Amino acid sequence: MASLKDLRNRIASVKATQKITKAMQMVAAAKLRRAQSAAEAARPYATKMEVVLANIAGGVSGSEAPALLAGNGKDQVHLLVVCTGERGLCGAFNTSIVRLAREKINSLLAAGKTVKILCVGKKGFEQLKRNYEKHIVDLIELRGIKNIGYGEGEMIAKRVISMFEAGDFDVATLFYSRFRSVIAQIPTAQALIPAEVPAGGAKASYEYEPDEGAILSELLPRNIAVQIFRALLENSASFYGSQMSAMDNATRNAGEMIKKQTQIYNRSRQAMITKELIEIISGAEAL
Amino acid sequence: MATFPFELVSPERVLFSGEATQVVVPASEGEISVLANHAPFMSALRAGVVTVDGGKRLFVRGGFADVSPAGLTLLAEQAIAVEDINVEKVSGQIKDAEEDLRDAKTDDARNRATAVLEGLRAMLAVARH
């Protein structure tokens, strides 16, 4: 049986751990608030962009449509852009995105397609590397970046578009976690190329300046950048939400453990006292 | 005068959302003035100033203007109210950008640095007026 000193040490170490998890929870809560308002501030732009795209895409159709909008007509090589976090200690956040990506990869491979993976964020890369190392094209780390700006989305988008133009893949899908609330983050797969255009654009006849093609060829790359930017923001809000609830759980578990350990400690202290008393009394009786 | 809904959004936030009677937009082929019931129209933007009702001035760079029956929507890559532009800070950024341009090795990096520099210079010119 553990000695009293062992028990005391054990309780002290659990208490120290609890302090850390509590601090992490509070930091995550503060960061979550910022990430959440950033994600919410970005939503209007993305939704407006969709409306504009729907309006303009209604006008062009058939063979005139650019490849970024309609795809290049093939679906042999798939690119999966998997956005995950840079750090762990955030519950199932990274795992659930990776799981969704893995299901997709397996179904694509089973269908005889070629799969390429572009990882954004180190954690997803580490998990996917185990099974799919030869499919991974590259890893983009966002470690040093404190506040995700539009520039990062644009940088990744340029990368994806230049790969597309070089004919490295036919279809691109984006994986990220949509932030619904602190306790619910939904891993999501979204079609990037060909663009997912919401139906029901305005049928009004537009005037274009300079002309449709020029606008569309500027709009489509920007749309991809916006989608990625939004995914990154949603991801960072989800990450902190997930981390906050994970750390909240950890703090509560540590509290329970402390309670249990303290009870054991007190019980064995009592037992020791009783044992000493019995020894004294029986010693006195023997005289 | 008749008003119409006007929205100016950048990827980071919404800068303006409300009713306006007249908005002057720096379109790629020249400035256009949008009034209520304008015909559906779409244009790319160049760096310049958006003027709302002859008063509020907002600097925008890159993006699109979308005039539809539902109103005017400006999607700007970068947007800031003119009175919020900090001349010293922008001058500092211009210096940084000039250095970036000198250090740029590839054509791609050079083009990007030039675009950034042009945007900053336009912003500074606007703020000085």
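The values are calculated or read from the model by the stated rules, or taken from the named source; none is laboratory data. This is a predicted model, so every value here is computed, not measured. Note that each Cβ is placed from the backbone with ideal geometry, even for glycine, and that neighbours are counted across all protein chains shown. The protein model used for the area step is the full one, side chains on, heavy atoms only, and it has no ligands, DNA or RNA in it. Shrake-Rupley method; radii C 1.70, N 1.55, O 1.52, S 1.80 Å.
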Assuming residue A:99 fulfils every condition listed in (1) over 27 Å from residue A:243 (Cα atoms); (2) touching a residue at least 60 places away in the same chain (Cβ under 8 Å) apart from one, which condition is it?
(1)
Taking residue A:154 and the conditions (1) assigned to a loop (DSSP other than H, G, I, E, B); (2) touching a helix residue (DSSP H, G or I) at 6+ places or on another chain (Cβ under 8 Å), which numbered condition does it fall short on, given that it satisfies the others?
(1)
Matching entry among B:29, B:19 (being free of Cβ contacts under 8 Å to residues at least 60 places away in the same chain and either in contact with an Asp or Glu (Cβ under 9 Å, 6 or more places away or on another chain) or within 10 Å of chain A (Cβ to nearest Cβ) (or both)):
B:29
Can you confirm whether the stretch A:230-244 contains a residue that is away from chain B (no Cβ under 14 Å), under 15 Å from the mean Cα position of the chain (by Cα), crowded, with 18+ Cβ neighbours inside 10 Å and part of a strand (DSSP E or B)?
no
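Pick out the one residue from A:104, A:123 that is under 30 Å from residue B:12 (Cα atoms), surrounded by 15 or more Cβ atoms within 10 Å (Cβ to Cβ) and charged (D, E, K, R).
On the way: A:104 fails: under 30 Å from residue B:12 (Cα atoms).
Sole residue among the options that is under 30 Å from residue B:12 (Cα atoms), surrounded by 15 or more Cβ atoms within 10 Å (Cβ to Cβ) and charged (D, E, K, R): A:123.
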Considering only the stretch A:189-212, I want to know if a residue exists there that is touching a helix residue (DSSP H, G or I) at 6+ places or on another chain (Cβ under 9 Å), assigned to a helix (DSSP H, G or I), touching a residue at least 12 places away in the same chain (Cβ under 8 Å) and open to solvent by 40 Å² or more (accessible area, probe 1.4 Å).
yes
Residue pairs qualifying under the 6 Å Cβ cut-off, at least six apart or on distinct chains, with the first in the stretch B:45-67 being within 14 Å of another protein chain (Cβ to nearest Cβ) and the second being of a type in the set (Ser, Thr, Tyr) and open to solvent by less than 20 Å² (accessible area, probe 1.4 Å), are B:65/B:43; B:66/B:73
Looking only at the stretch A:170-179, decide whether some residue is within 14 Å of chain B (Cβ to nearest Cβ) and open to solvent by 50 Å² or more (accessible area, probe 1.4 Å).
no
